[in-house]
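The values are calculated or read from the model by the stated rules, or taken from the named source; none is laboratory data. In this text the structure is predicted, and so the values were computed from the model without any measurement. Every residue, glycine as well, gets a Cβ built from its backbone with ideal geometry; the counts of neighbours run over all protein chains shown. Remember, those area values only see protein heavy atoms, side chains included, never the ligands or the DNA or RNA. Shrake-Rupley method; radii C 1.70, N 1.55, O 1.52, S 1.80 Å.
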Amino acid sequence: MVPPNDPSSLPLRICKPESLDKYFELLDGKFSVKGFPLLSEVPSNVVFAPFLSIYKSSDAPLALLQRVQALSHKAGFLGFHKEAPSDRLMNSIGKFTSREFLSVFRFKTWWSTMWMGSSGSDLQMETQWILLNVPEIRSYVIIIPVIDGRFRSAFHPGTDGHVMICAESGSTKVTASSFDAIAYVHVSENPYYIMNEAYSALRVHLNTFKLLEEKAAPSLIDKFGWCTWDAFYLAVEPAGIWHGVNDFVEGGVSPRFLIIDDGWQSINTDDENPNEDAKNLVLGGTQMTARLHRLDECDKFRKYKGGSMLGPDPTSFDPKKPKMLILKAIEIEHAENDRDKAIQSHVTDLSPFETKIQKLKQELDVIFGGEEKSASSGSSGSRSCKAESHGMKAFTRDLRTKFKGLDDIYVWHALCGAWGGVRPDSTNLNSRIISCKLSPGLDGTMADLAVVKIVEGGIGLVHPDQAGDFYDSMHSYLADSGVTGVKVDVIHSLEYVSEDYGGRVELAKGYYKGLSDSLSKNFKGSGLISSMQQCNDFFFLGTKQISMGRVGDDFWFQDPNGDPMGVYWLQGVHMIHCAYNSMWIGQIIQPDWDMFQSDHLCAKFHAGSRAICGGPVYVSDSVGGHDFELLKKLVYPDGTIPKCQDFALPTRDCLFRNPLFDKKTILKIWNFNKYGGVIGAFNCQGAGWDPKEQRIKGYSECYKPLSVSVHVTDIEWDQKKEAAQMSEADEFIVYLNQAEELLLVSPESDAVQITIQPSTFEIFSFVPIKKLGGTSISFAPVGLANMFNSGGTIQEVEYFDSEAETCVKMEVKGGGSFLSYSNASPKKGFLNGTEAAFEWLDNGKLALNLPWTETAGGVSNVAFLF
């Protein structure tokens, strides 16, 4: 019997149609909103149905159900019907021209980014949603291709302004001809509300995912961490990790989490000894045809001896070694490319190329320290009989013994195990190599080495019936070894191998259920970062438990295609990915803006965005390659961060603009702190998607200084109840972090105008002014001026205002110059209960230096008496 308070047993109460406005109508080939045409030339086989006519039941919480019900009259579904069934169907849903839109599309199998235009023909293939500006009714309409039965969908561009919807199953054995709810439509007066409203409705409708608000985020979201990828690539090993973590601690910023990226697993290729690890791998790409041959750590981690790094003479590590390995591996890669070009040119004598390659590989072996014999690995995926004084468990135990603040240790793995899956007959799992079949929709995406390699080798796919056993075997071993979470990568390779498994929807359901169950059992339900996952299949089918994931492509420190300016323009592209993807992804999982390197030429540019992104801050610095002065503007000494309260989003005036190559738009993102709002303005101009070349490339003519206007109303104060109260202030103080300037503004003031150089930024902290002492005193706490997110350092503020005295008491975390605005000088200042000297200037700047006191958790009690 269903419990009476179970929301799944409560149907949505259907309101009488006459009590609600009629928002959408499909009549005579026109799809209209509030009487204004949205799509024309809608084919006769397209149908529209109101939300409640499609809705059946839901397991969503009651409050969410009621919220969706209240707005259900603003929503509905588009469907279409054809005569002949197929596994892939294309159909127009109508056309639009001369109407601004913002969209997100897949530019690679795994990654999505923003695109804008004014016609259905301007769309890109594999578009995940379209937001239309409808100024005629001062509203916005979003159209989202969704899951219908065993089919998923995406939008493609049509001719003459038409929007094409593609519904596909991913298997020739799974066909259909009719869809009642293949695209969701929603209207709202607010472009930020519309995202939450739309994805809330889809959560209720599909019952296959949960919203972020329903889940616990990983514990690392307000902490600083280090990822090993760019430091070592596949050459990661225990001594390097140890010295890397120690670098940060000695530099004054202790990582609270560590991600051991690709390179720790037991992998080999099909032509290698099935019981030995592949040797001397360095660059990403060389491992993409390899498969897991056992489910525990590889030989270099298995050989770690417990306590070996804790003694007075820990294993030494040469910080130059990873760079030497990487440079030599690049030489090998270039030599192999030269050989491949010679083959394509029908060169008959390849011996000079092979001789050079072998010579370079021998030199690589020398740098590695000679070829070591791998330990025999047997055929089981379970823990071997080794003592617990060796291997990953001993290593994580030693890390935590030495580095007390290291809360979390995550490791990387691909959704299918390794890039090439699991090697058949190497474990107790039923795995077979499946040839990859790419959807024609991916024809419009960017050339990608990962795709080429995966297609080349196929995927060793564990049968979906064993997905739960697969993940639990791996994860339970890791959890017992001291690992607290996983970064799951290469997620959307699953769509390549769905032919014999009921199609991509059914295959995904099986794998994501197994992954979710293991996450709940082994990693406290939230210890997972999803990556290479930015496609609607994953978000609609894989996020019942997963609560965090990447919102951008990888951090690229230079252009892999050789443009020397890529070292600059790729960084702006990364920020655009993250900001616009957060609009939809942030409804479902916590946005993760990925790592960067603190000694990169554009490190400060990245740091500014991470400071206010609302997620964790982590870097992939090489051992010895750090800018600690920069990191200390982001991170407290204890490894926590002054995190904003929500995830950052683009401001309204950026939604239908191109901050990458329109030569005029600065990316502005907004967020909240506890006692104010913040806007980051970033000059990202200089690169972007080229639809003709189907790649992201530089636009050097756009890489130039630009002016930007920033106003207090650019912050969407009504998106948070507490923030809405702050917006009622008559005046605000705004602090320009980079310019170190305080300005007094009001909602009626002109916007602040500044010029921003390419690949640079400014952060504007807006704090409402509090009137005290019978309105004679104006006060606003700004925060630590030496931190990028100054306002995030303020923990608590209390005002005491009486005839006898006026006092402001604050709790501030961090050390440095604490800045406030006050139109009058305080009579006294206090720090931790003791009177302290402060500086007050005629322009209202009020400053007091704060220490970092470890015993107090870095929190200082500050008070000013007026």
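On a C-alpha basis, how far is the centre of the range 71-141 from the centre of the range 685-711 in Å? Whole number, if you could?
24 Å
Could you order Arg67, Arg256, Arg291, Arg432 by accessible surface area, starting with the largest, using a probe radius of 1.4 Å?
Details: Arg67 90, Arg256 45, Arg291 5, Arg432 110 Å².
The residues order as Arg432, Arg67, Arg256, Arg291, largest area first.
What dipole magnitude, in Debye to the nearest 20, does the range 695-779 give about its Cα centre under +1 on Lys/Arg Cβ and -1 on Asp/Glu Cβ? It would help to have the intermediate numbers written out before the result.
On the way: 7 positive and 13 negative charges, 79 e Å.
Value, rounded to 20: 380 debye.
Less than 13 Å apart at the alpha-carbon level, and either on another chain or at least 8 residues along: which aspartates and glutamates does that give for Lys509?
Asp465, Glu495, Asp517, Asp537
For each pair in Lys361/Lys453; Lys300/Lys404; Lys173/Lys697; Lys300/Lys487, compute the distance between the two Cα atoms and list the pairs where it is over 28 Å.
Values: Lys361/Lys453 20 Å; Lys300/Lys404 24 Å; Lys173/Lys697 39 Å; Lys300/Lys487 20 Å.
Over 28 Å apart, Cα to Cα: Lys173/Lys697.
Short version: ³J(HN,Hα) in whole Hz for each residue of the range 455-467, in order, from phi by Karplus 6.51 cos²θ - 1.76 cosθ + 1.60 (θ = phi - 60°), x for Gly and Pro, what are they?
Karplus-based 3J(HN,Hα) across the range 455-467 equals 5, 4, x, x, 10, x, 8, 6, 4, x, 5, 9, 4 Hz.
Full-extension gain between Glu25 and Asp180, please, as 0.36 nm times their residue separation minus the C-alpha to C-alpha distance.
Details: separation 155, 0.36 × 155 = 55.80 nm, distance 1.57 nm.
Here the answer is 54.2 nm.
What does the helix-only formula give at 222 nm for the chain: each DSSP H stretch with n ≥ 4 adding -39500 (n - 2.57), the total divided by the residues, and the result rounded to the nearest 500 deg cm²/dmol?
-7000 deg cm²/dmol
Work out, step by step, the length gained on full extension between Glu456 and Ala824: first 0.36 nm times the residue separation, then minus their alpha carbon distance; give nm to one decimal. Present the calculation step by step, with values, prior to reporting the outcome.
Details: separation 368, 0.36 × 368 = 132.48 nm, distance 7.11 nm.
Here the segment from Glu456 to Ala824 would lengthen by 125.4 nm.
For labels at Asn190 and Asp653 in the simple 7 Å Cα→Cβ model, what's the distance in nm?
Once both label points are built, they end up 2.1 nm from each other.
For Lys359, which lysines qualify as cross-link partners when the Cα separation must be under 24 Å and same-chain residues fewer than eight apart are set aside?
Lys359 reaches Lys279, Lys320, Lys321, Lys323, Lys328, Lys341, Lys373.
Would you pull out the residues with amide H under 5 Å of His390's amide H, same chain only if 5 or more places away, H placed 1.01 Å from N?
Hits under the 5 Å cutoff: Gly306.
Give me the log10 of I(q) over I(0) for the range 69-108 at q = 0.15, 0.21 Å⁻¹, as the Debye formula computes it from C-alpha points; what are the numbers?
Evaluating at q = 0.15, 0.21 Å⁻¹ gives log10 I(q)/I(0) of -0.75, -1.07.
Using the Kirkwood radius over C-alpha pairs as Rh, can you work out the diffusion coefficient of the range 203-246 via Stokes-Einstein at 10 °C, viscosity 1.306 mPa s, in µm² per second? Show your work: numbers first, answer last.
Numbers: Rh = 13.9 Å.
So the translational diffusion coefficient is about 114 µm²/s.
Within the range 88-123, what residues put their amide N at less than 17 Å from the label point 7 Å along the Cα-to-Cβ vector of Asp443?
88-92, 106-109, 123
What residues have an amide H closer than 5 Å to that of Asn786, excluding those fewer than 5 places away on the same chain, when H is modeled at 1.01 Å from N in the peptide plane?
So Asn786 has HN proximity to Ser817.
Taking 23 Å as the cut-off for C-alpha to C-alpha distance, list the pairs among Lys604/Lys643; Lys633/Lys770; Lys223/Lys813; Lys210/Lys521 that go past it.
Details: Lys604/Lys643 17 Å; Lys633/Lys770 27 Å; Lys223/Lys813 14 Å; Lys210/Lys521 18 Å.
Cα-Cα > 23 Å for Lys633/Lys770; rest within.
Tell me, what HN-Hα J-couplings in whole Hz come from the Karplus equation 6.51 cos²θ - 1.76 cosθ + 1.60 at θ = phi - 60° for each residue of the range 417-426, using x for Gly and Pro?
Couplings: x, 10, 3, x, x, 10, 5, x, 6, 9 Hz.
When the chain is fully extended, how far beyond the present Cα-Cα distance does Lys809 get from Ala342, taking 0.36 nm per residue of separation? Could the numbers behind the result be given before it?
Numbers: separation 467, 0.36 × 467 = 168.12 nm, distance 7.35 nm.
Stretched out fully, the Lys809 to Ala342 stretch lengthens by 160.8 nm.
From the residues Phe538, Asn561, Leu515, which one has its Cα farthest along the dipole of the range 492-571 in the positive direction, the dipole being from +1 and -1 charges on Cβ of Lys/Arg and Asp/Glu about the Cα centre?
Going by the Cα projections, it comes out as Leu515.
Would you mind working out the accessible area per residue for the range 731-858, using a 1.4 Å probe, and quoting it in Å²?
Numbers: 5670 Å² over 128 residues.
So the range 731-858 comes to 44 Å² accessible per residue, rounded to a whole number.
Once you list every other residue whose beta carbon is under 13 Å from the beta carbon of Lys544, what net charge do they have if Lys and Arg are +1 and Asp and Glu are -1? Walk me through the numbers on the way to the answer.
Values: positive: Arg203, Lys210, Lys215, Lys509, Lys513; negative: Asp59, Glu214, Asp517.
Neighbourhood net charge equals +2.
Between Glu41 and Ala836, how high is the FRET efficiency from 1/(1 + (r/R0)^6) when r is the Cβ-Cβ distance and R₀ = 56 Å? Nearest 0.05.
On the way: r = 72 Å, r/R0 = 1.29.
Given R0 = 56 Å and the Cβ-Cβ separation, E is 0.20.
Please state the charge dipole magnitude for the chain, taken about the Cα centre, from unit charges on C-beta atoms (+1 on K and R, -1 on D and E), reported in debye and rounded to the nearest 20. Display every interim value, and only then the final one.
Details: 83 positive and 107 negative charges, 207 e Å.
With only Lys, Arg, Asp and Glu charged at Cβ, the dipole is about 1000 debye.
What whole number of Å gives the distance from the Cα centroid of the range 810-853 to the Cα centroid of the range 424-449?
That distance is 60 Å.
Only bridges with both residues in the chain count here: give the DSSP antiparallel percent, nearest 5.
Roughly 85 percent of the beta bridges in the chain run antiparallel, per DSSP.
Within straight cross-link reach of Lys664, meaning Cα distance under 20 Å, which aspartates and glutamates are found once same-chain residues fewer than 8 apart are removed?
Excluding near neighbours in sequence, the set is Glu100, Asp653, Asp690, Glu701, Asp714, Asp750, Glu762.
Take Met90, Met164 and sort them by solvent-accessible surface of the protein heavy atoms, 1.4 Å probe, largest at the top.
Details: Met90 70, Met164 40 Å².
From most exposed to least exposed: Met90, Met164.
Select one label from [x] 54, 33, 28; [y] 42, 39, 26; [z] 48, 32, 26: the one whose number is semi-axes √(5λ) of the Cα gyration tensor in Å as derived from the coordinates shown.
[y]
Ordering Arg657, Arg550 by how much accessible area each has at a 1.4 Å probe, largest first, what is the list?
Details: Arg657 95, Arg550 0 Å².
Result of the area sort, largest leading: Arg657, Arg550.
Taking H as built 1.01 Å from N, whose amide H comes closer than 5 Å to the amide H of Glu741, not counting residues under 5 places away?
For Glu741, the qualifying residues are Leu736.
In whole Hz, what ³J(HN,Hα) sequence does the range 757-772 give by Karplus (6.51, -1.76, 1.60; θ = phi - 60°), x for Gly and Pro?
Once rounded to whole Hz, the list reads 6, x, 6, 10, 7, 9, 10, 10, 9, 9, 10, x, 8, 9, 8, 10.
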